[in-house]
Amino acid sequence: MHKKTWLRHLQTLSFMEPEIKILSAKKLVGIQKSMSLINNKTMELWRSFMPRRKEIKNTVSSLLYSIRIYERSADIEDSQTYHQKWAAVEVKDFENVPEGMETFTLSGGLYAVFLYKGSSADVRIYQYIYSSWLPGSDYELDDRPHFEVMGEKYKNNDPDSEEEIWIPVKHKNNQSKTTVTT
């Protein structure tokens with residue numbers, strides 16, 4: 001990336017403020033794999049899920065969920081720690097789950113939601129979230145799943161791609177803030 005582009009990107013990130021939302025529990029159906037950042041199997045996971053997603057008949061929407069489940073949220077920055085990663089869609093119920101797929105209930109709770117525009121291969125957004133935004137915010141990580149929601153504007157590894165990044169948070173020192181429920 002050219003120096004001017006890099007500086008413009010950093011300026012955009014430095015002003016990026018998330019929306020704080022309360023998420024209701026969601027029922028999901030999909031495929032999951034165990035992986036680490038070093039042993040990343042994300043492409044393999046999505047290649048196995050995408051051709052089969054139409055087999056799921058009771059979907060709520062066309063949104064795709066990429067979920068990461070860590071033993072502890074603090075492990076997110078350890079490149080060797082294994083976590084569960086899901087490729088999934090939201091469903092009305094767990095009836096008629098296609099063979100070879102699994103169910104997962106995404107628990108509700110407080111999330112910092114970042115609207116991200118850029119390539120999914122660019123990890124600087126996560127560096128910004130965990131190294132800059134979170135330490136300077138009124139929130140800290142909570143031990144719940146981290147996930148991305150990908151809709152119509154998502155284009156894998158495209159600089160014009162858009163997705164939502166959902167980071168599980170809790171208030172530091174029991175401070176109260178206005179939030180949006182979804």
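Just a yes or no: is a residue in the stretch 87-99 under 19 Å from Leu141 (Cα atoms) and in contact with a Lys or Arg (Cβ under 6 Å, 6 or more places away or on another chain)?
For the stretch 87-99, residues under 19 Å from Leu141 (Cα atoms) and in contact with a Lys or Arg (Cβ under 6 Å, 6 or more places away or on another chain): absent.
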- [ ] Please find, within the stretch 125-140, the residue that is surrounded by the most Cβ atoms within 10 Å (Cβ to Cβ) out of those that are within 15 Å of the chain's Cα centre (by Cα) and under 22 Å from Asn173 (Cβ atoms).
- [x] Ile129
- [ ] Please work out if Asp122 is assigned to a loop (DSSP other than H, G, I, E, B), under 16 Å from the mean Cα position of the chain (by Cα), surrounded by 13 or more Cβ atoms within 10 Å (Cβ to Cβ) and not aliphatic (A, V, I, L, M).
- [x] yes
- [ ] Might you let me know whether the stretch 74-86 holds any residue that is assigned to a helix (DSSP H, G or I) and of a type in the set (Lys, Arg)?
- [x] no
Open item on the list: Taking the criterion of being at pLDDT 95 or above, loosely packed, with under 14 Cβ neighbours inside 10 Å and under 23 Å from His146 (Cα atoms), would at least one residue in the stretch 50-57 satisfy it?
Closed with: yes
Task: Selection count where residues are modelled with pLDDT of 90 or more and surrounded by 15 or more Cβ atoms within 10 Å (Cβ to Cβ), scope the stretch 152-169 - done: 8
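The values are calculated or read from the model by the stated rules, or taken from the named source; none is laboratory data. In this text, all values refer to a predicted model and were calculated from it rather than measured experimentally. All Cβ positions, glycine included, derive from the backbone under ideal geometry; neighbour counts span all protein chains shown.
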